[in-house]
Amino acid sequence: MSDYIQVETTTATQEQAETIARALLEARLAACVQIVPCQSLYHWQGAIEESRELRCSIKTRRDFFSEVTTLISSLHPYQTPEIVAAAIVDGAPAYMKWLAEELRSGEETQ
């Protein structure tokens, strides 16, 4: 199994998405964050809501998930932000090598 994951979160604005992305990149908790517009429909407080959001796809390591969650939560304006992870089960060797090189080592601190 791969040590790498893709974490997803959504934000209401481009500025919020970029703030989260830059903080993760500066801490070297993410090698890449893709920000993509999306349409969300969801249950919230007893009603079905609909909104335009920005989805952040964050490439990171499994052992960083707790730190990534803490950082996102500290910057996120939502009461209950989406923060979910999926395993990256495989990837092109050159990409996986780049991913490993761009993330801080487990021994480094912020």
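Just how far, in whole angstrom, is region 45-84 from region 17-34 if you go by their alpha carbon centroids? Centre-to-centre (Cα) distance: 13 Å. Here the Gaussian network model covers the chain, with springs between Cα atoms less than 10 Å apart; of Gln45, Gln34, Gln79, Gln45 fluctuates the most.
For the chain, the 222 nm mean residue ellipticity estimated from helices alone, with every DSSP H stretch of n ≥ 4 adding -39500 (n - 2.57) and the total spread over all residues, rounds to -9500 deg cm²/dmol. Taking the Cα centre of the chain as origin and assigning +1 to Lys and Arg Cβ atoms and -1 to Asp and Glu Cβ atoms, the resulting dipole is close to 120 debye. Summing +1 for each Lys or Arg and -1 for each Asp or Glu among the other residues whose beta-carbon sits under 15 angstrom from that of Thr80 gives -4.
Since every read-out is calculated from the coordinates, none of them should be taken as a lab result. Just so it is clear, the structure is predicted and the values come from calculations on it, not from any experiment. Cβ coordinates were reconstructed from backbone atoms using ideal geometry, including for glycine residues, and neighbour counts include every protein chain displayed.
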